[in-house]
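The numbers here are math on the coordinates, done by the rules we state, and not lab data. On a predicted model such as this, the values are computed, not experimentally measured, just so you know. Glycine gets a Cβ as well: all are built from the backbone with ideal geometry, and neighbour counts include every protein chain shown.
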Amino acid sequence: MIPRSFGDVDISDIQRLIDNQVAERRTLEFKRDLPGDTRDERKEFLADVTSFANAHGGDIIYGLAEAHGTPSSVHGLEVLDADAALRGIEDRILDGVEPRLPGLRMKWIIAADGKRLLLIRIPASTIAPHRVIFANSSKFHGRKSNGKYEMDTQELREAFTATEALPARLRALHLEAVDAAARDELPAGLGEGPRAIVSVVPMNYFRERLDLDITPENALAPFKPGGHMEAVEMLEGVLLHTDGGGQSRMDSYAVTHRRGRTDMVWTMGYLMNPTRDDECGVVPYVRFKEGLIDGALSGVGWLQRYSIDGPWVVLTTVIGIKDYILLIDNDHYSEPAWRDQASLGEVVSERLTHEDLVPILKSFWRLFGMRPPSNLAGA
């Protein structure tokens with residue numbers, strides 16, 4: 001796979017493959033021509049695509065001349081209607097693969113002389129294994145360094161088992177972050193009061209063994225860093241946290257994991273009238289919403305800089321909220337929450353947006369016994 005985010009790949013990346021004589025491998029394959037339309041050619045194309053999805057994902061580049069698996073020049077593709085050509089390929093995949101492939105993306109790359117190349121990026125599938133069903137086929141294909149092969153019974157059994165266990169394994173990663181925040185198992189403790197924890201994990205996290213070069217300079221910043229930040233090198237990666245005003249406390253922190261995921265944690269409440277008999281714990285809604293958006297979208301943005309693509313899983317938990325009220329504005333607030341900790345669920349998205357986070361915001365309102373407004377995405 002080309003080590004760049006899909007949207008950033010351009011002709012210069014293709015030229016580097018040629019100049020550096022980068023050979024085909026388990027996650028990269030070159031084709032001179034677009035897939036043909038005969039029965040065998042269509043089955044061959046679908047076998048190629050599913051083999052990447054059932055393994056570690058990868059890129060197929062059409063329009064490259066190659067010799068013995070090494071690209072030699074830009075051959076180019078002659079296409080009369082570029083959009084129609086993409087739709088035709090999409091239709092072949094939709095009709096010929098089961099279950100449907102999530103996250104597959106395609107785009108044209110234009111060389112300086114106007115020649116076209118086609119890049120198809122197939123992520124490692126989270127619902128593998130996929131089989132080819134075109135023309136009464138029922139074959140599952142895997143992938144090795146020298147190309148695709150038909151998967152055997154043992155490999156299929158292992159693939160199905162891994163898919164079934166994936167949701168629990170992803171939640172376990174998030175629960176580690178929740179436990180660390182609850183126990184203050186960190187170099188500097190969080191401030192008092194309710195806390196929110198947001199984890200961003202790519203769906204193919206367990207399919208790739210990454211070891212990213214994370215430094216305090218390039219790690220994910222915590223929510224509303226404001227002024228000075230402190231960095232802590234950890235076994236898992238790098239923790240950046242806000243300065244707690246010289247009291248060894250912090251309002252927020254972010255952990256950037258070398259394996260390619262992020263956690264963001266922040267305090268979101270305070271005591272109103274703390275020295276009086278009518279003291280009340282308050283959680284401003286805007287503090288939670290802004291933190292959720294920052295933790296989710298910034299986490300995705302950071303991972304994409306390292307060519308880690310979605311689909312993404314965003315998992316959110318709040319702790320320490322018992323007896324706190326949710327403050328919408330001066331005129332709208334809730335009854336005290338009776339739970340101390342709650343999971344707000346997870347969302348899965350190929351291209352994470354504000355709207356994708358609405359289910360989590362709805363759960364947050366309901367946690368305090370309030371009915372969420374219909375226009376929550378803009379509220």
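Test of the criteria: in the stretch 54-107, which GluC sites (Glu not before Pro) are in a DSSP loop and have at most 14 other Cβ atoms within 10 angstrom of their Cβ?
Details: sites: Glu66, Glu78, Glu90; in loops: Glu78.
Hits after loop and neighbour filter: Glu78.
The modelled label-to-label distance between Gln21 and Ser72, using points 7 Å beyond Cα along the C-beta direction, is 1.3 nm. Note on Lys144: lysines with a C-alpha under 20 Å away, same-chain residues under 8 apart excluded, are Lys31, Lys43.
Look at where the Cα atoms of the stretch 142-177 and of the stretch 285-359 average out, and the two centres are 28 Å apart. Each Cα pair under 8 Å and six or more residues apart adds its separation to the average, and for the stretch 6-151 the resulting relative contact order is 31 percent. For Leu156 and Glu176, the FRET efficiency from 1/(1 + (r/R0)^6), where r spans their Cβ atoms and R0 equals 41 Å, is about 0.85. Applying 0.36 nm per residue to the separation of Thr353 and Glu233 and subtracting their alpha-carbon distance, the gain on full extension is 40.2 nm.
Projecting the Cα atoms of Ile60, Thr126, Leu94 onto the charge dipole of the chain (Cβ charges, centred on the Cα centre) puts Leu94 farthest toward the positive pole.
Working note: 222 nm ellipticity from helices only, DSSP H runs with n ≥ 4, each -39,500 (n - 2.57), summed and divided by the residues of the chain, gives -9000 deg cm²/dmol to the nearest 500.
For the stretch 6-151, the percent of C-alpha pairs falling in each 5 Å distance bin, counted from 0 to the bin holding the largest distance, reads 2, 10, 20, 23, 22, 15, 7, 2, 0. Close amide-amide hydrogen proximity is noted between Glu350 and Trp312, each under 5 Å apart and 5 or more residues distant or on a separate chain (H modeled in the peptide plane; Pro and chain starts excluded).
By the rule of a C-alpha distance below 25 Å, with chain neighbours fewer than 8 residues away ignored, the lysines paired with Lys322 are Lys224, Lys289, Lys362. Among Ile109, Ile197, Val238, flag the residue with its Cα farthest along the positive direction of the charge dipole of the chain, charges on Cβ as +1 for Lys/Arg and -1 for Asp/Glu. Looking along the dipole axis, the top candidate is Ile109. When you filter the trypsin sites (Lys or Arg not before Pro) in the stretch 58-125 for DSSP loop state and at most 14 other Cβ atoms inside 10 Å of their Cβ, you are left with Arg100.
Report, as a whole number in µm² per second, the diffusion coefficient that Stokes-Einstein gives for the chain at 10 °C and 1.306 mPa s using the Kirkwood radius over alpha carbon pairs.
Working: Rh = 23.1 Å.
Rounded to a whole number, D works out at 69 µm²/s.
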